[in-house]
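Worksheet: the structure to be examined is printed underneath.
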Amino acid sequence: MKPDDINSLIRILQSSHNTVVVTGAGISTEAGIPDFRGKDGIYTKMGGEDKVMALINIDAFRKTPERFYDFHWQRFSYPPIEPSKAHKVLAKMEEDDLIKGIVTQNIDGLHQKAGGKNVVPIHGNSNEYVCTSCNKIHEREYAITFKPGVPACAVCGSILKPNVVLFGESINNYSEAAGLIDHAECLLVIGTSLTVYPLAGLVQDFSAGARNLVIINKGPTQLDHVALLKVEVDDGNTLGDILDMTYQGLTGPSSVTA
């Protein structure tokens, strides 16, 4: 991270009356959830993206729910995880009206658990399971009682599906996410390389206007070249550190802890 990056970020946010945040897997890896493509990610451990996509797509779920859930319980059954420092700082920034909302690709619910209110999870919530017949929502605590089998609805007995967007399905809350991003004065992108569409397309459309795009990420993204500011996360800092320093610069000493 360059020494002046935080000061530049503070100045940009101070000048914005409508800042919206977009988050990806990077913010949750700091909480202990591996991303898909990292060295501990599911693509790496399973031998490639194609093998994983063959199991976690909507057709596979419909045709062989038993095989789907065998994989699901083995690979997506994480112990309870607490929000990272970055999640907590963003929740505090929303509470203080420094940001207006968060559009996230993540399905872990950690923004909400940290206290975020206006959170738009476009890929769903892995802590919920929805009935494929009556649409009744069930909590994870109920569904996991069927492990390692296929969970059934407590109301009608039909198969439950994780309330997440599988490959082959449309994203959730598209209009809400698009509206938040389109009306933003500043878009703060955190922890994503912007390769997953359609969210990457919404950010790209935003960048085409005369508005401020700021990116905080470890490694390059698809839109670094059009960002007003790119803050590189390196071995000397984390997303949580960067956001906390920014929050302190905007408001004073932080009371947020990891």
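The values are calculated or read from the model by the stated rules, or taken from the named source; none is laboratory data. Every value quoted in this text rests on a predicted model; they were computed, and no experiment measured them. Positions of Cβ are generated from backbone atoms using ideal geometry, with glycine treated the same way; all protein chains shown enter the neighbour counts.
Give VAL231, VAL226, VAL196, VAL214 a once-over and let me know the one that is aliphatic (A, V, I, L, M), more than 18 Å from MET93 (Cβ to Cβ) and in contact (Cβ under 8 Å) with a residue 40 or more places away in the chain. Give the derivation first.
Numbers: VAL231 fails: more than 18 Å from MET93 (Cβ to Cβ); VAL226 fails: in contact (Cβ under 8 Å) with a residue 40 or more places away in the chain; VAL214 fails: more than 18 Å from MET93 (Cβ to Cβ).
Testing whether each residue is aliphatic (A, V, I, L, M), more than 18 Å from MET93 (Cβ to Cβ) and in contact (Cβ under 8 Å) with a residue 40 or more places away in the chain leaves just VAL196.
Condition first: part of a loop (DSSP other than H, G, I, E, B), among the hydrophobic types (A, V, I, L, M, F, W, C) and at pLDDT below 95. Now tell me which residues in the range 161-193 satisfy that. Break it down into steps so the answer makes sense when it comes.
Going residue by residue through the range 161-193, those that are part of a loop (DSSP other than H, G, I, E, B) are 165-166, 168-173, 183-185, 191-193.
Imposing the further condition that a residue be among the hydrophobic types (A, V, I, L, M, F, W, C) reduces the set to 165-166, 171, 184.
VAL165, LEU166, ILE171 - these are the residues of the range 161-193 that are part of a loop (DSSP other than H, G, I, E, B), among the hydrophobic types (A, V, I, L, M, F, W, C) and at pLDDT below 95.
Among the listed residues LEU110, LEU166, which satisfies the condition of being within 27 Å of PHE68 (Cα to Cα) and under 13 Å from the mean Cα position of the chain (by Cα)? Outline the logic, then answer.
Numbers: LEU166 fails: under 13 Å from the mean Cα position of the chain (by Cα).
On inspection, the qualifying residue turns out to be LEU110.
Sort through GLY149, GLY124 and tell me the only one that's buried (at least 16 other Cβ atoms within 10 Å of the Cβ), under 22 Å from ALA54 (Cβ atoms) and either assigned by TED's automatic domain parsing to the domain that holds ARG67 or of a type in the set (Gly, Ala, Ser) (or both).
Numbers: GLY149 fails: buried (at least 16 other Cβ atoms within 10 Å of the Cβ).
Just one listed residue meets the conditions, GLY124.
What are the pairs with Cβ atoms under 6 angstrom where one residue, in the range 53-79, is over 19 Å from CYS131 (Cα atoms) and the other, located anywhere, is assigned to a helix (DSSP H, G or I)? Sequence gap at least six, or different chains.
Final answer for the pair search is LEU55/PHE71; ARG75/ILE42.
Tell me, which residue of the range 114-150 that is touching a residue at least 60 places away in the same chain (Cβ under 8 Å) and either of a type in the set (Lys, Arg) or in contact with a Phe, Trp or Tyr (Cβ under 6 Å, 6 or more places away or on another chain) (or both) is nearest to LEU202 (Cα to Cα)?
That would be VAL150.
Mind checking which residues of the range 194-251 are in a helix (DSSP H, G or I), of a type in the set (A, V, I, L, M) and under 24 Å from ALA31 (Cβ atoms)?
LEU199, ALA200, VAL203, LEU239, ILE242, LEU243, MET245, LEU250
Scan the range 7-22 residue by residue and report those that are under 16 Å from LEU202 (Cβ atoms) and either hydrophobic (A, V, I, L, M, F, W, C) or touching a helix residue (DSSP H, G or I) at 6+ places or on another chain (Cβ under 7 Å) (or both). Show your work before the answer.
First, the residues of the range 7-22 that are under 16 Å from LEU202 (Cβ atoms): 18-22.
Passing the criteria: THR19, VAL20, VAL21, VAL22.
Can you find even one residue in the range 42-55 that is modelled with pLDDT of 75 or more, surrounded by 14 or more Cβ atoms within 10 Å (Cβ to Cβ), on the phi < 0 side of the Ramachandran plot and in contact with a helix residue (DSSP H, G or I) (Cβ under 9 Å, 6 or more places away or on another chain)? Spell out how you get there, then give the answer.
The first filter runs over the range 42-55 and keeps only residues modelled with pLDDT of 75 or more, leaving 55.
After this cut, where a residue has to be surrounded by 14 or more Cβ atoms within 10 Å (Cβ to Cβ) as well, the list is 55.
From what is left, the residues that are on the phi < 0 side of the Ramachandran plot are 55.
With in contact with a helix residue (DSSP H, G or I) (Cβ under 9 Å, 6 or more places away or on another chain) added as a condition, the list becomes 55.
Yes, there is a match, as at least one residue in the range 42-55 is modelled with pLDDT of 75 or more, surrounded by 14 or more Cβ atoms within 10 Å (Cβ to Cβ), on the phi < 0 side of the Ramachandran plot and in contact with a helix residue (DSSP H, G or I) (Cβ under 9 Å, 6 or more places away or on another chain).
Which residues, taken from the range 60-88, are in a loop (DSSP other than H, G, I, E, B) and farther than 16 Å from ASP108 by Cα? Before the answer, list the steps.
Residues of the range 60-88 that are in a loop (DSSP other than H, G, I, E, B), as a first pass: 64, 76-84.
Within the range 60-88, just THR64 meets the criteria.
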